[in-house]
Every structure is written in C-alpha cells, then in structure tokens.
1. Go through segment 130-176 and give me each residue that's in contact with a strand residue (DSSP E or B) (Cβ under 9 Å, 6 or more places away or on another chain), in a loop (DSSP other than H, G, I, E, B) and hydrophobic (A, V, I, L, M, F, W, C).
2. Restricted to segment 224-246, and to residues that are buried (at least 17 other Cβ atoms within 10 Å of the Cβ) and of a type in the set (D, E, K, R), which residue is farthest from the chain's Cα centre (by Cα)?
3. What are the residues in segment 294-303 that are open to solvent by 10 Å² or more (accessible area, probe 1.4 Å) and of a type outside the set (Ser, Thr, Tyr), if any?
4. Of all residues in segment 325-361, count the ones that are part of a loop (DSSP other than H, G, I, E, B), of a type in the set (D, E, K, R) and either surrounded by 18 or more Cβ atoms within 10 Å (Cβ to Cβ) or at pLDDT 95 or above (or both).
5. Just one of ARG49, ARG62 is under 28 Å from ASP293 (Cβ atoms), in contact with a helix residue (DSSP H, G or I) (Cβ under 7 Å, 6 or more places away or on another chain) and of a type in the set (Lys, Arg); which is it?
6. Could you list, in sequence order, all residues of segment 267-292 that are within 17 Å of the chain's Cα centre (by Cα) and under 13 Å from SER235 (Cα atoms)?
7. What pairs come out if I take residues in segment 164-187 that are open to solvent by 10 Å² or more (accessible area, probe 1.4 Å) and pair them with residues that are not hydrophobic (A, V, I, L, M, F, W, C) whose C-beta lies under 6 Å away, six or more apart or interchain?
Amino acid sequence: MTIETIGSFLPDESLISARHDFERGIIDRLHLTAVEDDAVRDIVGRQIRCGVPFVTSGELRRKHWANDFWFGLEGISCENVSCGHIYQPVEALTDLLHITGRIGFNPAHPFFEDFCFLYSVVAGRARCRQTLPSPANLLLEVYALSAGRPETIYPLSIDGLINDIAEAYRQTVLHLHALGCCSIQYDDTALGLMCNDNYTKRLLQGGVDLIRLHRELITVINRSMEGLPDDMEKSIYISGGEIIVPEWEYIEYPDNIMPKALASLDVDKFFIPLDLENDYAIEVLRHIPQEKDVVLGLADAHSPFPENRGSIAAMIHKVARLVDPSRLSLSTRTGFKLSSYSQRALHYEDQWRKLHELLAV
C-alpha cells in the first residue's frame, strides 16, 4: 500500500545547532539559510527513497505551522509581545496576528522562494507538494481575535472577509502551480475543533451561531479551491489540534460538522487521523464520496516506539468496508515536526524508521 507524509519533518542536529547560533548572533542569516538548504536536500532525498508520491520541503524554515504563512499575506502583520501576559483561548505565542487591512494575495510571499528551492532540488525526480494552513483556520483566528465578532476588526462584512481569505489563498495556490506545484495540502484544525465539546461550548457562550460558523468554514475552503487547474491535486488534513485525532462523530445531527464537511469539501483527498482502538470513529468515513482518496493516519509520529503492524493491518481491513481499498493509503497521524520532540525522546532518524515501518505493513 502507498504511504504518504503529512509534510513536516524534524530538523537534523546541524540545523538545530545553526538555529541556536543564529539566535545568539554567532552566525548570520546567509549562513543559516545555507544550513537550511542542506537540510531540505537531505529530507528530499530521503522522501524520494521512501517512494512517497509527493515530496515537501518539510516545513523546516517555519517558526510556526500557520502564522508564518499568514504573516506573508497582505493585510496581516506580526505583532510581537515581549512582556506582560497573554490571555486568549488559543495557542499562546509571542508573535501574534494583527489585521492591518483587507487580507490579500502577496506576490512576494516568502513561501514562493521556499517552494522554488524545493522544486530545484527535486529536479523532476518526484512531484512537489506545498502544505498550507487551512483558510478555515485563518477565519477562525479572526473570530478569536474579535471575540466572535469579525466585523469589529475587519473593514468588510463576514461575507467580504470570507471572500478575501478565499481569494488570497486561491491566487497563492495558482501562483504555486505556475512554479511547478502539482499538489496542495491544507492543514486544518478548525474543522476538528468543531468536534470538541469544550471548544464549541465556549463559542456558544460567546454568542457564536455554530451552524452558521460551520457553513462559513466549509465555504471559505471551497471558494479557495474554485478554478484551480485540473492537474493540481487538492487535499486536506483534518486534525483535532493538540489532541490530534478529532472526536469523530458520524451521525448527521445539526451541530455535527463532519458529515457536512466530508460530503461537501471540494478536495480530491482526505488525510484522516484515527486511533487504532476506536472502531466507532471509522464510521465517519462513510460520508466521504466514493470517488475521493483517503489517507489513513494510523502511526504515531510523536513516539519513538515501534508500531503494532498487526493492529494497523486490522484497522485497514475494517476501513475497507467503507472505502474502496484501491483509494486508500497510509500515513502517520501527524507531521513529525513539533516543539517538544526532545522531551519525547524523538530523534531525526526516528521519522524515517516510522515511514519504513508503514511501508512494511
């Protein structure tokens, strides 16, 4: 069975050391970029040897999985908070989003330079994929920044905000395609958070209309995909955020977003993380149209311990009654890159061992 990656990889020791030296002023940006380039070359070669269908740059140059992309768009700036306390219901960072105007496409976005380097390193040996944070996450971020009232911080109505986000993404993806990108992957935690009872309870207490928000999240994703070239694969990885695996519910009741999202998102491929012990959760797959591809996230990217191949094979067998086996492939539940990898005893070589374990299933 084919394996895929979520797209992010742990840095090697040379890159970790170079980052520390750069932060202390021992080396300059030019030196750091050269080390980053070498690290990208290494992971590209290793991905190709693993036989994955699409290769990424590993997100090695990013400080944050989502903010680095958003900071590069028009209408968004990075606000650095270096003192005091941050009180917010989302991940606390010192670099925070600040809306400065209408959100728009930036032809000089730094992600384009990163992709061009990836494309040159791959040199036709594989197909290139670009991962981007989901536009639904950006919409949810604006909701968080505005305490549930986006119109108080954005110069247009909510419909105008949705259109601006979608068009900024659409133009970005079209430019990536022109540079040689043939696969775009949205990394989404917004849809997964809508499955979290504690999170949605806070939204309701803040006066947010959940059903309308569900519709807006799905709409901004689909509008961002409109008019993309037929030869570009469109995929989405749906995560539960910190808990990784969303609290999947397959029953079609009004405040369950997943049946609506899986049935109506205009993508070619879904990356779905699952717990091996939760047979009930796989029922959500029945809402994915039969012509779509499904990548099952079954291996633990955040643990150095070997996988139970028997349990993975058993889960694949159970899923095969809901999804055409010819449309299935395997991945880890998440990307490999995380800030706490050292505390989890993860090493650079562990990620490659994990991929080879999946190849052997």
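The values are calculated or read from the model by the stated rules, or taken from the named source; none is laboratory data. Being a predicted model, the structure only gives us computed values, none of them experimental. FYI the Cβ positions are ideal-geometry reconstructions off the backbone, even for glycines, and counts take in every protein chain you see. Areas reflect the complete protein model, heavy atoms only, side chains present, ligands, DNA and RNA absent. Shrake-Rupley method; radii C 1.70, N 1.55, O 1.52, S 1.80 Å.
1. Scanning segment 130-176 gives ILE153, LEU156.
2. GLU233
3. Going through segment 294-303, the residues open to solvent by 10 Å² or more (accessible area, probe 1.4 Å) turn out to be 300, 302-303.
Once the filter is applied, which keeps residues that are open to solvent by 10 Å² or more (accessible area, probe 1.4 Å) and of a type outside the set (Ser, Thr, Tyr), segment 294-303 yields ASP300, HIS302.
4. Going through segment 325-361, the residues part of a loop (DSSP other than H, G, I, E, B) turn out to be 333-347, 360-361.
The next check asks that each one be of a type in the set (D, E, K, R); those that pass are 333, 337, 344.
In the following step, the residues that additionally are either surrounded by 18 or more Cβ atoms within 10 Å (Cβ to Cβ) or at pLDDT 95 or above (or both) were identified as 333, 337.
Residues flagged as part of a loop (DSSP other than H, G, I, E, B), of a type in the set (D, E, K, R) and either surrounded by 18 or more Cβ atoms within 10 Å (Cβ to Cβ) or at pLDDT 95 or above (or both) within segment 325-361 amount to 2.
5. Working: ARG49 fails: in contact with a helix residue (DSSP H, G or I) (Cβ under 7 Å, 6 or more places away or on another chain).
Only one candidate passes the filter, namely ARG62.
6. First pass over segment 267-292, keeping only residues within 17 Å of the chain's Cα centre (by Cα): 267-274.
Matches in segment 267-292: VAL267, ASP268, LYS269, PHE270, PHE271, ILE272.
7. The qualifying pairs are ASP164/ARG102; ARG170/SER224; HIS177/PRO229; GLY180/TYR119; CYS182/ARG127; ASP187/THR131; ASP187/PRO133; ASP187/TYR237.
Residue-by-condition table, conditions (1) of a type in the set (A, V, I, L, M); (2) within 24 Å of ILE103 (Cα to Cα):
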{"position": "CYS182", "(1), (2)": "no, no"}
{"position": "LEU191", "(1), (2)": "yes, yes"}
{"position": "ILE211", "(1), (2)": "yes, no"}
{"position": "GLU226", "(1), (2)": "no, yes"}
{"position": "SER239", "(1), (2)": "no, no"}
